[in-house]
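Heads up, the thing below is written out as structure tokens.
Each value in this text was obtained by applying a stated rule to the coordinates, not by laboratory testing. Not measured: the values here are computed from a predicted model. Here the Cβ positions follow ideal geometry from the backbone for every residue, glycine too, while neighbour counts run over all protein chains shown.
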């Protein structure tokens, strides 16, 4: 595809689809954080933890 054709396609996209810029507010962030915390509380996989040293050993990482 020629650059001029590509430019026309891009112009068409910009003219056809309205791209709305949104601002991430503190309220949005607080609601998201609350949702994530609830998901973690209700997910049994998130209740099982292992020490970092065990993870390193399983991955073959030697920190010495």
In vacuo Debye sum over C-alpha of the chain, base-10 log of normalised intensity I(q)/I(0) at q = 0.13, 0.18, 0.27 Å⁻¹, listed in q order, is -0.74, -0.82, -1.04
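Based solely on its DSSP helices, what 222 nm [θ] is calculated for the chain when runs of n ≥ 4 H residues each add -39,500 (n - 2.57) and the sum is averaged over all residues, nearest 500 deg cm²/dmol?
Values: 3 runs with 39 residues, N = 64.
One gets -19500 deg cm²/dmol as the mean residue ellipticity at 222 nm.
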Most mobile of 38, 15, 48 in a GNM of the chain (Cα contacts under 10 Å):
15
Using the basic label-point model (7 angstrom from Cα toward the beta carbon), what is the residue 63 to residue 45 distance in nanometres?
2.5 nm
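Show me the ranking of peptides 29-36, 16-23, 57-64 by mean Cβ neighbours inside 10 Å, starting with the highest. Write out the running numbers ahead of the final one.
On the way: 29-36: 10.2, 16-23: 5.9, 57-64: 7.8.
Averaged packing, sorted descending, gives the order 29-36, 57-64, 16-23.
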